[in-house]
Amino acid sequence: MTYRRWFVVGAAVAVVGALLAAFAILYGNFSPRGYVEDRYTRATSRDIGRAAVAYTSSKSPSQVADEVTSAWKPADQYVDGSGVYLRYDDDSLVILPIAAGSVILLERMTTAYPRYHSTVGSHWGWGRGSTVRGGGPGAGK
């Protein structure tokens with residue numbers, strides 16, 4: 001091929017790449033928060049003040065948790081009879097049962113940890129993406 005053909009092929013690949021990137025930015029979700037916002041029904045009547053934003057699903061808490069954790073692996077997870085508690089770097093997802101499925105509460109960790117500490121206690125490690133202990137020599141000491 002001549003240099004001109006390589007230039008045309010390179011330009012075409014660049015245009016396709018730019019279109020794919022634009023599509024991903026406009027229609028993608030890049031966080032657990034975005035995943036929930038895109039897939040579940042907003043339920044403003046179930047919000048907890050301004051801190052916890054509520055969504056609902058007709059599925060059980062365990063089914064919703066399976067969907068979310070398949071797409072976004074949590075840093076920590078705690079499950080008991082009251083619901084499923086997922087901790088991410090900046091956000092928490094608390095999935096509680098309701099009569100017709102589940103309520104999903106999205107909340108920043110700064111307000112979620114104090115709210116749910118009596119439930120999750122030491123089960124949620126504290127730190128960005130890992131538990132408090134572990135990670136190598138001297139870590140967590």
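Can you tell which of ASP89, ASP66 is in a helix (DSSP H, G or I) and in the same structural domain as TYR35 (by TED's automatic domain parsing)? Can you show your working first?
Details: ASP89 fails: in a helix (DSSP H, G or I).
Result of the check over ASP89, ASP66: ASP66.
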key: Residue that is surrounded by the most Cβ atoms within 10 Å (Cβ to Cβ) [pool: residues in the stretch 42-56 that are touching a residue at least 60 places away in the same chain (Cβ under 8 Å) and part of a loop (DSSP other than H, G, I, E, B)]   = ALA43
inquiry  = Given the criteria in a loop (DSSP other than H, G, I, E, B) and in contact with a strand residue (DSSP E or B) (Cβ under 9 Å, 6 or more places away or on another chain), does PRO97 qualify?
reply    = no
remark   = Scanning the stretch 69-86 for residues that are free of Cβ contacts under 8 Å to residues at least 24 places away in the same chain and part of a helix (DSSP H, G or I), the one nearest to the chain's Cα centre (by Cα) turns out to be THR69
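The values are calculated or read from the model by the stated rules, or taken from the named source; none is laboratory data. Just so we're clear, the structure is a prediction, and the values are computed from it rather than from any experiment. Using ideal geometry, Cβ is built from the backbone for each residue, glycine included, and neighbour counts are taken over all protein chains shown.
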